[in-house]
1. Restricting to the stretch 74-88, name every residue that is over 14 Å from LEU53 (Cα atoms), touching a strand residue (DSSP E or B) at 6+ places or on another chain (Cβ under 9 Å) and assigned to a helix (DSSP H, G or I).
2. Would it be correct to say that SER61 is farther than 27 Å from PRO83 by Cβ and assigned to a helix (DSSP H, G or I)?
3. Given the criteria surrounded by fewer than 10 Cβ atoms within 10 Å (Cβ to Cβ), assigned to a helix (DSSP H, G or I) and either free of Cβ contacts under 8 Å to residues at least 12 places away in the same chain or not assigned by TED's automatic domain parsing to the domain that holds ILE89 (or both), does GLY12 qualify?
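The values are calculated or read from the model by the stated rules, or taken from the named source; none is laboratory data. These numbers were taken from a predicted model, which means no experiment stands behind them. Quick reminder, even Gly has a Cβ in these numbers, built from the backbone with ideal geometry, and neighbours come from all protein chains shown.
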Amino acid sequence: MILLLAAVISAGSLPFIRNLGLDSRFIALLPESYPSVQDLDKVRDRVRGLSALTIAVQSPSKDVDAMRRLVGDLVKRLEELPPDEIGVIDWSTCGTPSKTATIENGSRTTRCGSTS
């Protein structure tokens, strides 16, 4: 009898369980009205994210010019993406200065630096 009751309750709760989600962020435990939570939201909007993607190019033929062209083409394609998707593109090829595209006032600008 108890097993039948448990099965009926479980079956009846399935539609509600499907809509449950898991928010594992620490900030989700705090009330949204707290000033510290509001400040963290503002910082998150400005910083966007801290993820980085690193791509290394290697060729069996050791054709350095072809690898540099590939990297240049890849950077051009990445720069075509909206600034809110990619904030910084930092790239260099062996023996050349590092080139960085950064977001300033909502659009990308390019500045050059050194690899050291």
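1. Selection gives GLU79 alone.
2. Details: farther than 27 Å from PRO83 by Cβ: yes; assigned to a helix (DSSP H, G or I): no.
Criteria not met by SER61.
3. Working: surrounded by fewer than 10 Cβ atoms within 10 Å (Cβ to Cβ): yes; assigned to a helix (DSSP H, G or I): yes; either free of Cβ contacts under 8 Å to residues at least 12 places away in the same chain or not assigned by TED's automatic domain parsing to the domain that holds ILE89 (or both): yes.
Spelling it out, GLY12 is indeed surrounded by fewer than 10 Cβ atoms within 10 Å (Cβ to Cβ), assigned to a helix (DSSP H, G or I) and either free of Cβ contacts under 8 Å to residues at least 12 places away in the same chain or not assigned by TED's automatic domain parsing to the domain that holds ILE89 (or both).
Yes/no matrix, rows are residues, columns are (1) under 23 Å from the mean Cα position of the chain (by Cα); (2) over 19 Å from PHE26 (Cβ atoms); (3) exposed (fewer than 13 other Cβ atoms within 10 Å of the Cβ); (4) at pLDDT 85 or above:
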{"residue": "VAL37", "(1), (2), (3), (4)": "yes, no, no, yes"}
{"residue": "VAL43", "(1), (2), (3), (4)": "yes, no, yes, no"}
{"residue": "SER51", "(1), (2), (3), (4)": "yes, no, yes, no"}
{"residue": "ILE55", "(1), (2), (3), (4)": "yes, yes, yes, no"}
{"residue": "LYS62", "(1), (2), (3), (4)": "no, yes, yes, no"}
{"residue": "ARG68", "(1), (2), (3), (4)": "no, yes, no, no"}
{"residue": "ASP73", "(1), (2), (3), (4)": "yes, yes, yes, yes"}
{"residue": "LYS76", "(1), (2), (3), (4)": "yes, yes, yes, yes"}
{"residue": "PRO83", "(1), (2), (3), (4)": "yes, yes, no, no"}
